[in-house]
Amino acid sequence: MLLLITASALLCWSSSLAGDRPNIVVLLADDLGYGDLSCFGNRSFSTSHLDRLAASGARLTHHVAAAAVCAPSRTALLTGRYPVRTGMQESRGGPPVVRNVFGAGGLPQTERTFGRRLQDAGYRTQFVGKWHQGWSCRVWDDQCHGPREHGFQTFFGLPLTLQEEEDVDPPSRRERDGPFVKHVLSEVLRAGAEAGDGSKGSCERPSATKLWHLWLDMTRATYYDATPRREWWGHTLVMDKFLNHMLVRNGEIKSWPYQLVGLTQRLLDESQRFIRGQAARGDAPFLLVHSFLHPHTPLFTAPVFANASGHSRYADNVLEMDWAVGQLLDTLQEAGVADNTLVYFASDHGAHLELVGRDGQREGGTNAPFAGGKGQGGAEGGIRVPAMVRWPGRIPAGRAVDVPTSAMDLLPTLLDAAGVDDGDEDTVLDGVSMLPLLEGRSDAPTHRFLAHYCGDDIHAVRYAPETELGAVYKLRLAVPRYPDPEVEHCGVQDGLCSCYGEDVLWLPTPRLYELTTDPAERDPIPESDPRYGRIVPKMLELLKQHRQNVTVAPAQVARFELAAVRPELVPWDQLGKFRGLEWDMHGLDDWNEFIAGQTCPASGQGVSEHCVRH
Ligand SMILES: *[C@@H]1O[C@H](CO)[C@@H](O)[C@H](O)[C@H]1NC(C)=O
Ligand SMILES: *[C@@H]1O[C@H](CO)[C@@H](O)[C@H](O)[C@H]1NC(C)=O
Ligand SMILES: *[C@@H]1O[C@H](CO)[C@@H](O)[C@H](O)[C@H]1NC(C)=O
């Protein structure tokens, strides 16, 4: 009897909730700068659709990403946690982010993203676009790090990220690298055939070993003279085309390498179909994450957007993205769900300032009025992002939220909006719901204190004292060491500031700024100023507490065996889809000879630690 009552009470409760729960659309831009949108102060061109979104909801003018590069900042957004808690921070000595689709590092399965939490609460969930949180652990498409094991029922997009096309490489490099690609393919195919079910590569399996060594040698041979930096994890764009350029639906490769032409439209179409389908069913709320490839390089648009901005290729890309946002908003409207849908838009971090095209045109955005950019953990330009949230009837139109909020707040905000309390007491969340702030019920920042990480290190902290209305202080402990002090980046040659080593200057005396009056961080408050003596000890005390509160997990991609390509993760049965197999390549003989001379090294020495042992 008691059971019956409970069951029917539960039914009533859940069906009444289903009507209240909003649909959720999360729109994420890649490398978009704070100053790139007209609703955030750009006067060079007009982003009319994003302006429309901003005007119909709240603009977050002090929204802070949890990292200045994409994979960790996205982890924080998905999990509501500092990326160091999950091991997704930039690695020391390894690649800054997940580098290979066929690598084994990524967002741990123990993490519960908002996708997972909302799916468990009855939402239908889809992820479209750039994922870049890792993919698999043991075989292709176990997706232990992928979207489908992290709460998204369907996925269409890039497991990794948009990367340069092979044809931007100078022809000489293409000629030189072509044979490597061809060779790795044949080796992969052979190793795959020998492995049979493609289960485990190991040092004891000759072909897999060869592949492993080949990989090591290729990364050295093809990368070391291609760049002034000499990282073991780098490889050329030609190789990327085979290793990382695939468009995937769920676990099936649809296009390999992907075609840039029409890609924006394909992704848009996927999201529109999802919205229409879910709206037509109407029996459960939906969550859509549309993770744009724009305006990351390579810059490409449909012909109609070429030169549309009258400004630059970069701006043309921003406008194509803006148009796609407009299309998605229109689709919500046409499907009759716009009024019951919460839409969040943000960039993953600041614009990439180092980028310059071969014709000399700048290819990155602007972070105005802030200094610095992508890759610079403590610089405002790297972490302040344009953001906006619309929820008709709940968030007043035209509201500006000027107090500090964090991208880590998205998860608790969505759970709050959906009325989901999933009883997860074990996971520490660093984010706080922004809903009271968005709805105008509160004016308090979601964070009075934030730490700004670069990899494992904290390069700066932010503090909004309760006692000083509107003031936000930033204490910088480390700053990027710019080769040219006139440009706030690490130089076109190097491409991106690193969190470690020569690129970083640890300050003997931390620099204090007040961001509301000095957004560009031009005028450090002198040590002699009474504010320095009052504020800095407080900030250092909060930093100490923060360090005690947060356990830093080892970076997922710091170790070779997690970062590099692993033969057992290649989808053997789908290799036929790789269009590059037809390439006319030559010069394999040297390599066959070279490979024949390689043997699996004795354990415990040199490269042997790079081998997979089971
Ligand atoms: C855009 O402008 C460039 C440079 O002026 C020109 O070469 C190109 O043909 C133009 N493209 C279109 C589609 O108009
Ligand atoms: C607008 O954005 C473009 C592209 O990033 C940038 O070059 C330009 O300087 C910005 N204009 C203003 C007035 O901020
Ligand atoms: C550290 O954790 C304690 C206990 O949860 C909390 O009260 C405090 O605000 C935290 N401090 C910082 C700086 O995160």
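The share of accessible area on the stretch 372-473 that comes from carbon and sulfur is 46 percent, using a 1.4 angstrom probe.
Across all Cα atoms of the stretch 44-145, the radius of gyration (one decimal) and Dmax (whole number) stand at 16.3, 49 Å.
The gain in end-to-end length when the A55 to T517 segment is fully stretched comes to 163.8 nm, 0.36 nm per residue minus the alpha carbon separation. Put the Cα centre of the stretch 481-500 next to the Cα centre of the stretch 502-526 and the gap is 17 Å. Per residue, the stretch 490-560 exposes an accessible area of 58 Å² to a 1.4 Å probe, with every protein chain left in place. Evaluating 6.51 cos²θ - 1.76 cosθ + 1.60 at θ = phi - 60° for every residue in the stretch 142-151, the Karplus couplings come out as 6, 6, 4, 9, x, x, 6, 8, 10, x Hz, glycine and proline recorded as x. In this simple spin-label model, placing a label point 7 Å from the Cα along the Cα-to-Cβ direction at both R448 and E486 gives a separation of 4.5 nm.
If the Kirkwood radius is taken over C-alpha pairs of the stretch 462-527, then at 25 °C and 0.890 mPa s the Stokes-Einstein diffusion coefficient equals 183 µm²/s. The modelled label-to-label distance for the pair Q259/D359, using points 7 Å beyond Cα in the direction of Cβ, is 2.3 nm.
Across every pair of different alpha-carbon atoms, what Kirkwood hydrodynamic radius in Å does the stretch 345-473 reach?
Kirkwood radius, the stretch 345-473: 16.6 Å.
Here the simple spin-label model places points 7 Å from the Cα toward Cβ, and for E466 and T509 these points are separated by 3.1 nm.
Among the trypsin sites (Lys or Arg not before Pro) in the stretch 406-496, those located in a DSSP loop and surrounded by at most 16 other Cβ atoms within 10 Å of their own Cβ are R441, R448, R481.
Remark on V401: its backbone amide H falls under 5 Å from those of R59, L60, T61, a criterion applied only to residues 5 or more positions apart or on other chains, H modelled at 1.01 Å from N.
Can you give the FRET efficiency for Q333 and R249, using 1/(1 + (r/R0)^6), R0 = 22 Å, r = Cβ-Cβ distance, to the nearest 0.05?
FRET efficiency, Q333 to R249: 0.25.
Between D269 and T551, the FRET efficiency from the beta-carbon distance, with R0 = 35 Å, is close to 0.25.
Taking GluC sites (Glu not before Pro) across the stretch 410-501, the ones in a DSSP loop with at most 12 further Cβ atoms lying within 10 angstrom of their Cβ are E425, E466, E486. Taking the Cα of D529, stepping 7 Å toward and past its beta carbon, and measuring to each backbone N in the stretch 368-411: which are under 17 Å? So the set is 371, 380.
Tell me whether the stretch 95-161 comes out rounded, prolate or oblate; compute the Cα gyration tensor, take square roots of the eigenvalues as a ≥ b ≥ c, and use a/c under 1.5 as the rounded threshold. Here the stretch 95-161 falls in the prolate category. Surface listing: L268, L562 arranged by accessible area from highest to lowest gives L562, L268, probe 1.4 Å. Annotation note: trypsin sites (Lys or Arg not before Pro) in the stretch 33-134 located in DSSP loop regions with a Cβ neighbour count of at most 16 within 10 Å are R43, R92. Full extension of the chain between L540 and T110 gives 151.6 nm of extra length, using 0.36 nm per residue less the Cα-Cα distance. Cross-linked pairs K241/K474; K130/K577; K130/K544: Cα-Cα separations exceed 31 Å for K241/K474; K130/K544.
A full extension of the chain between D424 and R276 corresponds to an added length of 50.1 nm, given 0.36 nm per residue minus the alpha carbon distance. Around the amide H of A68, modelled in the peptide plane, lie the amide H atoms of G375, all under 5 Å away and 5 or more residues distant in sequence or on another chain.
The values are calculated or read from the model by the stated rules, or taken from the named source; none is laboratory data. The model shown is predicted, which means the values in this text are computed figures rather than measured ones. Counting neighbours? That spans all protein chains shown, and the Cβs are built from the backbone with ideal geometry, glycine included. Calculation scope for accessible area: heavy atoms of the full protein, side chains included, ligands and nucleic acids excluded. Shrake-Rupley method; radii C 1.70, N 1.55, O 1.52, S 1.80 Å.
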